[in-house]
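The values are calculated or read from the model by the stated rules, or taken from the named source; none is laboratory data. Predicted model only: the values in this text are computed from it and were never measured. Cβ atoms come from the backbone with ideal geometry, glycine included; neighbour counts cover every protein chain shown.
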Amino acid sequence: MENRILREQIEEDIQLLKDNLSWDTNVIKDEYTFNYWILSNIYNLDEEECNVNITEYNDKGIDCFVHYEDDKELYIIQNKYYSDKTILSSKEVSDFLTRPLSKLRDGNYRRSVELQKLFEKIKDDEQYKIFLHFYITNNNKTEDVISVIKNFKDENVFAEIFFLDDIKNKYYGKSYKENITLNTKLNVKNKAAYLAIRPQEYNLPNMSEAYYVMAKVTEIYKLWNDAEAKNYPLFEENIREYLGGTSGINKRIITTLKDENERGNFFYYNNGITIICERAKADAKIVNITNPQIVNGCQTVNSIVEALKNYKNINEEFEDVYIMAKILVMKESDTNFYRDIVKYTNSQNSINDKVFGATLQPFFTIQKNLKNFGFLLTVKQSDKYQFKQFYKEKKELGELLLKAKNNISDNFIEFKMLQNVQISLETLIQIIGALKKDAYFAYTKKAYLLKPTNKEYYQQFSTKIGEFFTTESIVKLIILYKKAEIDKRNSEDKKTPSPYYLLNFIGYDLAKKNIDKQTFFKELLSDELEVIYERYKILSQKYYKAFKDKYELEYNQMVKQKVDIDLMNKVLNNHFESMKEYNSEDYNELRNIYNKFKEERSLTHAISNCRNSSKFKACSPHPSSV
């Protein structure tokens with residue numbers, strides 16, 4: 001995929017964001033809206049939550065920030081939405097790396113009260129990491145700019161710049177890979193310096209081909225150089241980013257390698273690296289590798305490069321400096337075995353691995369099933385592009401839209417374009433979370449929903465969404481979400497009906513009525529779904545007004561607060577009492593829908609009691625009547 005395609009995708013997304021965020025008057029400018037794009041696509045914040053994370057318009061120090069409290073990480077971000085020809089000056093980068101931090105440390109940052117308060121809270125916590133991230137939408141790299149980033153040194157603060165190539169890699173992650181082949185090799189001292197595990201030769205059917213190599217650090221340096229020369233993504237499958245040479249562990253690696261008296265002990269100090277490759281072949285002194293991917297050891301390898309790059313004769317200086325390299329031959333990366341290797345070899349530190357978390361088979365199963373109903377689930381970031389290419393022909397798109405239309409009447413919602421029937425995996429999890437948990441979960445936990453190391457949100461919720469609802473029920477939830485999004489975009493306040501609060505109210509009311517949510521949505525007819533939507537859609541607006549009166553908080557602040565159950569219950573009761581009194585026809589129509597489910601539950605309960613009684617045979621239906 002060319003960078004031009006990514007740039008066009010960003011432009012398309014920005015136009016969609018403008019439609020969705022018309023309540024924010026600043027989104028009239030593309031460069032401002034790009035902040036939303038970065039926050040929602042790179043840092044996984046919900047769009048409606050992003051406004052709070054964007055600092056005052058036209059601030060030249062910080063454009064936005066992200067705080068991951070669970071991971072103890074604060075990201076301070078500047079974005080440059082530049083054309084292909086615009087050159088970034090080193091002064092702009094230098095100012096970003098120094099001025100905002102200086103003001104925050106002095107307690108004088110005026111652009112965002114929330115960011116200053118947050119910084120005051122975390123500044124003395126040594127476990128916190130602060131990241132300075134600079135994004136630019138072209139590839140006009142200059143030595144001055146790169147030098148500014150490389151020479152930046154600040155304890156527990158890590159600076160990095162992302163050009164368009166880098167944005168592409170962060171956006172598509174391991175799901176995107178250019179068609180580049182890298183054949184490389186590791187020279188070893190002698191045959192005794194590596195262990196070869198060849199299952200077929202050694203009658204080890206339950207093991208995979210692997211090589212444990214006592215490799216020279218100079219060979220790892222050359223491997224990195226080979227990859228750089230071919231623009232090969234050596235760390236593409238590695239789900240941890242390089243934190244720079246100032247972090248504690250990396251600093252010790254570099255110091256050890258630069259110390260002539262200590263570097264010989266490096267082999268014993270370091271845990272080594274893990275490489276996965278498509279093929280490997282070894283003889284007495286060489287291990288040949290095809291398409292290597294470093295899945296553990298990003299920090300180590302980059303620190304080796306940092307330490308060796310300024311030596312003129314590395315072969316002589318580092319003649320007897322070794323590292324353990326574990327090489328695993330694996331032709332297919334989309335396997336549980338592969339994912340477990342990456343997971344367990346990276347378990348000692350926190351990782352930011354949204355793309356990795358989306359690769360579980362259950363998500364692809366949901367994707368396949370939803371397609372049968374005319375809906376496209378974007379599991380991988382590259383799916384959006386792939387769908388766009390496949391459905392650019394009118395015939396294919398028409399067939400897909402027809403399937404979607406069969407699920408609901410055109411009077412309720414229209415499906416005219418590809419984007420009408422697309423939904424991202426994260427959004428789908430948020431939809432289900434809003435119904436089963438609440439709107440607060442949907443809005444504020446997005447960053448953790450596809451993080452495999454998170455037990456509460458990923459392991460116990462996201463991976464189980466296929467167990468909560470059948471595909472038919474999920475389709476109806478998507479339709480409710482899509483309808484609310486359309487109505488919100490066309491509403492006067494541009495904020496309500498909120499899709500997540502709408503689903504929260506429905507889920508809360510079903511729980512009050514003791515009606516199973518899966519059964520409810522599976523049995524709900526198309527016209528009944530419209531009734532449910534029309535009777536509940538006003539509730540998010542009523543809740544917002546009541547919340548604002550009680551707490552004096554605006555909408556974008558409300559979505560970051562826990563749901564007030566007492567207030568929700570009050571809004572719900574008042575709404576239906578008012579409907580009962582002034583719109584009895586609407587009230588009765590809704591009541592009839594719920595009565596249907598109550599009757600079904602009563603019948604099921606009666607049959608269950610009958611079967612459990614001693615007179616089971618007497619009350620069982622006659623075979624001829626079944």
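Listed by position, the helices (runs of 4 or more DSSP H) inside segment 145-249 whose residues that are over 20 Å from ASN291 (Cα atoms) and modelled with pLDDT of 80 or more number at least 1 are 164-172.
Residues in segment 143-156 include at least one that is within 22 Å of TYR171 (Cα to Cα) and surrounded by 13 or more Cβ atoms within 10 Å (Cβ to Cβ). For ILE253, are the conditions met, namely being assigned by TED's automatic domain parsing to the domain that holds LYS222, within 25 Å of GLU201 (Cβ to Cβ) and either in a helix (DSSP H, G or I) or in contact (Cβ under 8 Å) with a residue 24 or more places away in the chain (or both)? When the stated conditions are applied, ILE253 does not pass them. Answer yes if at least one residue in segment 50-57 is more than 20 Å from the chain's Cα centre (by Cα), surrounded by fewer than 19 Cβ atoms within 10 Å (Cβ to Cβ), over 30 Å from THR496 (Cβ atoms) and free of Cβ contacts under 8 Å to residues at least 60 places away in the same chain, and no otherwise. Taking every residue of segment 50-57 in turn, none turns out to be more than 20 Å from the chain's Cα centre (by Cα), surrounded by fewer than 19 Cβ atoms within 10 Å (Cβ to Cβ), over 30 Å from THR496 (Cβ atoms) and free of Cβ contacts under 8 Å to residues at least 60 places away in the same chain.
Filtered by the rule that a residue be assigned to a helix (DSSP H, G or I), surrounded by 21 or more Cβ atoms within 10 Å (Cβ to Cβ) and at pLDDT 95 or above, segment 437-473 gives ALA439, PHE441, ALA442.
One line per residue, one yes/no per condition, for (1) touching a residue at least 12 places away in the same chain (Cβ under 8 Å); (2) under 19 Å from GLU228 (Cβ atoms); (3) not assigned by TED's automatic domain parsing to the domain that holds ASP63:
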site	(1), (2), (3)
GLU114	yes, no, no
PHE119	yes, no, no
TYR135	yes, no, no
ASN139	yes, yes, no
ASN151	no, no, no
GLU155	yes, no, no
ALA159	yes, no, no
ASN169	yes, yes, no
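Let's see how each residue does on (1) out of contact with any helix residue (DSSP H, G or I) (no Cβ under 7 Å at 6 or more places or on another chain); (2) outside the structural domain of GLN389 (by TED's automatic domain parsing); (3) at pLDDT 85 or above:
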{"site": "ILE10", "(1), (2), (3)": "no, yes, yes"}
{"site": "ASP19", "(1), (2), (3)": "no, yes, no"}
{"site": "ASP30", "(1), (2), (3)": "no, yes, yes"}
{"site": "TRP37", "(1), (2), (3)": "no, yes, yes"}
{"site": "GLU49", "(1), (2), (3)": "no, yes, no"}
{"site": "SER83", "(1), (2), (3)": "yes, yes, yes"}
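State yes or no: is ASN420 polar (S, T, N, Q), modelled with pLDDT under 90 and in the same structural domain as TYR501 (by TED's automatic domain parsing)? Here the answer is no, as ASN420 does not meet what is asked. Within segment 553-563, identify whether any single residue is in the same structural domain as ASN407 (by TED's automatic domain parsing) and at pLDDT 95 or above, and answer yes or no. Among the residues of segment 553-563, at least one is in the same structural domain as ASN407 (by TED's automatic domain parsing) and at pLDDT 95 or above, which makes the answer yes. Residues that are within 12 Å of MET214 (Cα to Cα) and among the aromatic types (Phe, Trp, Tyr) within segment 263-284 comprise PHE266, PHE267, TYR268, listed in sequence order.
Quick check, is ILE532 at pLDDT 95 or above, on the phi < 0 side of the Ramachandran plot, of a type in the set (Val, Ile, Thr) and not assigned by TED's automatic domain parsing to the domain that holds LEU17? In short, yes. The strands (runs of 3 or more DSSP E) falling completely within segment 270-321 that include 1 or more residues that are within 28 Å of PHE152 (Cβ to Cβ) and at pLDDT 90 or above map to 273-277. Filtered by the rule that a residue be in a loop (DSSP other than H, G, I, E, B), in contact with a helix residue (DSSP H, G or I) (Cβ under 8 Å, 6 or more places away or on another chain) and not aliphatic (A, V, I, L, M), segment 360-394 gives ASN372, PHE373, GLY374, PHE375, LYS380, TYR391. Residues in segment 103-122 that are within 26 Å of the chain's Cα centre (by Cα) and either of a type in the set (Val, Ile, Thr) or not in a helix (DSSP H, G or I) (or both): SER112, ILE122. For segment 403-436, the tally of residues that are more than 22 Å from LYS380 (Cα to Cα) and assigned to a helix (DSSP H, G or I) stands at 5. When segment 138-164 is filtered for residues that are closer than 14 Å to VAL93 by Cβ and β-branched (Val, Ile, Thr), the ones remaining, listed by number, are THR142, VAL145, ILE146, VAL148, ILE149, ILE161. For GLU92, indicate whether it is surrounded by fewer than 19 Cβ atoms within 10 Å (Cβ to Cβ), over 26 Å from GLU12 (Cα atoms) and in contact with a helix residue (DSSP H, G or I) (Cβ under 8 Å, 6 or more places away or on another chain). Considered against the rule, which asks whether it is surrounded by fewer than 19 Cβ atoms within 10 Å (Cβ to Cβ), over 26 Å from GLU12 (Cα atoms) and in contact with a helix residue (DSSP H, G or I) (Cβ under 8 Å, 6 or more places away or on another chain), GLU92 comes out as no.
Segment 519-566 holds helices (runs of 4 or more DSSP H) entirely within its bounds, and those carrying 1 or more residues that are of a type in the set (Val, Ile, Thr) map to 526-536. Figure legend. Inter-residue proximity from segment 65-80: first residues part of a loop (DSSP other than H, G, I, E, B), second residues surrounded by 20 or more Cβ atoms within 10 Å (Cβ to Cβ), beta-carbon distance below 7 Å, spacing 6+ or different chains. Indicated pairs: ASP70/TYR448.
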